[in-house]
1. Considering segment 196-212 alone, what residues qualify as being loosely packed, with under 14 Cβ neighbours inside 10 Å and either of a type in the set (Lys, Arg) or in contact (Cβ under 8 Å) with a residue 24 or more places away in the chain (or both)?
2. Is it the case that segment 90-97 has a residue that's modelled with pLDDT of 95 or more, among the small types (Gly, Ala, Ser), part of a loop (DSSP other than H, G, I, E, B) and not assigned by TED's automatic domain parsing to the domain that holds Val405?
3. Looking at segment 408-421, which of its residues are touching a Leu at 6+ places or on another chain (Cβ under 8 Å) and surrounded by 20 or more Cβ atoms within 10 Å (Cβ to Cβ)?
4. Filter segment 289-330 down to the residues that are basic (Lys, Arg) and either within 14 Å of Ser269 (Cβ to Cβ) or free of Cβ contacts under 8 Å to residues at least 12 places away in the same chain (or both) and list them by number.
5. Scanning segment 125-150 for residues that are surrounded by fewer than 19 Cβ atoms within 10 Å (Cβ to Cβ) and of a type in the set (Phe, Trp, Tyr), which turns out modelled with the highest pLDDT?
6. Considering only segment 309-351, state which residues are outside any loop (DSSP other than H, G, I, E, B), surrounded by fewer than 16 Cβ atoms within 10 Å (Cβ to Cβ) and of a type in the set (Gly, Ala, Ser).
7. What residue, of Lys326, Lys316, is of a type in the set (Lys, Arg) and farther than 15 Å from Pro253 by Cβ?
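The values are calculated or read from the model by the stated rules, or taken from the named source; none is laboratory data. Computed from a predicted model, the values in this text were never measured in an experiment. In this analysis, Cβ positions are derived from the backbone assuming ideal geometry, glycine residues included, and neighbour counts consider all displayed protein chains.
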Amino acid sequence: MAKRRMKQPAKVKATEHVLSVLELGWHGDGVAELDGKKIFVPFTLAGESVRAAVSGSRAEIIEILEAAPDRISPPCPHFGTCGGCAVQHLAMPAYHDWKRQIIEVALANQDIEASVAPMIDAHGNGRRRVTLHVRYEDGRVQAGFMQAYSHRLIDIDHCPILVPELANATDIARDLARALSKNNKPLDIHLTASESGLDCSVRGAVELDMDARMDLSDCASNHDLARISLDGELVLERRSPVLTFGVAKLALPPGGFLQATKAGEDTLSRLVLEAVGDVDRVADLYCGVGPFALRLAARSSVLAVDNDSAAINALKHAADHTLGQKPIRTEVRDLSSNPLYVDELNGVDAVVFDPPRAGAQAQVLEIIEAKVNTVVAVSCNPASFAHDASILTGGGYLLESVTPVDQFRYAGHVELVGVFRRKKMFL
């Protein structure tokens, strides 16, 4: 019996229209309306009039008929094709207002009244971590970012939003890919700038032979790389990638997660420490490698919990080898499915949590039941933060402050710190 062939959906033919852009959306696309439907127009701004080719709910600019006053020339020649940045064409004051408004709208959608502080620019020297996509095409190695809403790789030579230590990131990625070219498979190459050199984590199910290992060693020497790992397995380490959190020195695990910028980490940590204050016991949940925990331990004992065992092991090693700190107790645990329960939170004066983009609903419910006095939420997703905030405010907490922190310059992402205090009547 012949297999039935699935009918492919017909492609929507693009039609030309003049559109008025009403607002700048959460992801950095301009939003217009056509026949009562929202149309998303990348690289446009609120108040602009454009002629565009419309296909379904998306459109592509043909011509800008009337530009917004806040439109500026983008600093990167790849802007508009590379999918790494969304809003390089918006002047900085308006850009900060836009990111602040993303948080305000998210809170309003949950009927939460809160004052949102002015944006803190935490770009600093640039992003200290980057993931480059690598492809082999006609005997040539391409390295760069994917075009927005496409599987097409944009081959680039330089990314202006990276720290100076990553100035040659694409050259390094290409050399690593050449060492692994026998596999001829697409690769993702993650580079992180540490205090002792670049940490390189390659993903792509690559099999290593002796020649590849020798070539990788040469690449590490040529670019003075600290470490190379492949699909989570250590290949070579010339130096341990080291970071300083407060007074503690931490050896970063292969492919370990960090805040995007050093300035971002410092700013978030300062806000967290100011909010927690001088208390005896703190729980740092979704702690990662411990940028908050290792700083909090200067004056409080800390329970640090995360589901990443490598991150927890690195944190524990750093804590055990740092003198003059209060004790840090660590635990590997998936807080989304197995949150800290009321009896485990008894005696905790403050909780800090920095969850994945989905938020921390299960954990928030336990925090409310435990009646923890101070809760500090760090988030990169205003929508899930607002959802968690609605649960906390409904459970007896006052949202005291919300501070936006921008370490994702030109992207639609925005970080924030929200501080909650339990109302006296609920104590």
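1. Restricting attention to segment 196-212, the residues satisfying the condition of being loosely packed, with under 14 Cβ neighbours inside 10 Å are 205, 207, 209-211.
Those that are loosely packed, with under 14 Cβ neighbours inside 10 Å and either of a type in the set (Lys, Arg) or in contact (Cβ under 8 Å) with a residue 24 or more places away in the chain (or both): Ala205, Glu207, Asp209, Asp211.
2. yes
3. Taking segment 408-421 as the starting set, the residues that turn out to be touching a Leu at 6+ places or on another chain (Cβ under 8 Å) are 415, 417-421.
Of everything in segment 408-421, those that are touching a Leu at 6+ places or on another chain (Cβ under 8 Å) and surrounded by 20 or more Cβ atoms within 10 Å (Cβ to Cβ) turn out to be Glu415, Val417, Gly418, Val419, Phe420.
4. Let us first name the residues in segment 289-330 that are basic (Lys, Arg), namely 295, 299, 316, 326, 329.
Correct list: Arg295, Arg299.
5. Of everything passing the filter in segment 125-150, Tyr136 is modelled with the highest pLDDT.
6. Ser309
7. Values: Lys316 fails: farther than 15 Å from Pro253 by Cβ.
The match here is Lys326.
Conditions (1) surrounded by fewer than 19 Cβ atoms within 10 Å (Cβ to Cβ); (2) more than 22 Å from Ser181 (Cα to Cα); (3) of a type in the set (Asp, Glu), marked per residue:
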| position | (1), (2), (3) |
| --- | --- |
| Asn222 | yes, no, no |
| Ser229 | no, no, no |
| Glu237 | yes, no, yes |
| Thr267 | no, yes, no |
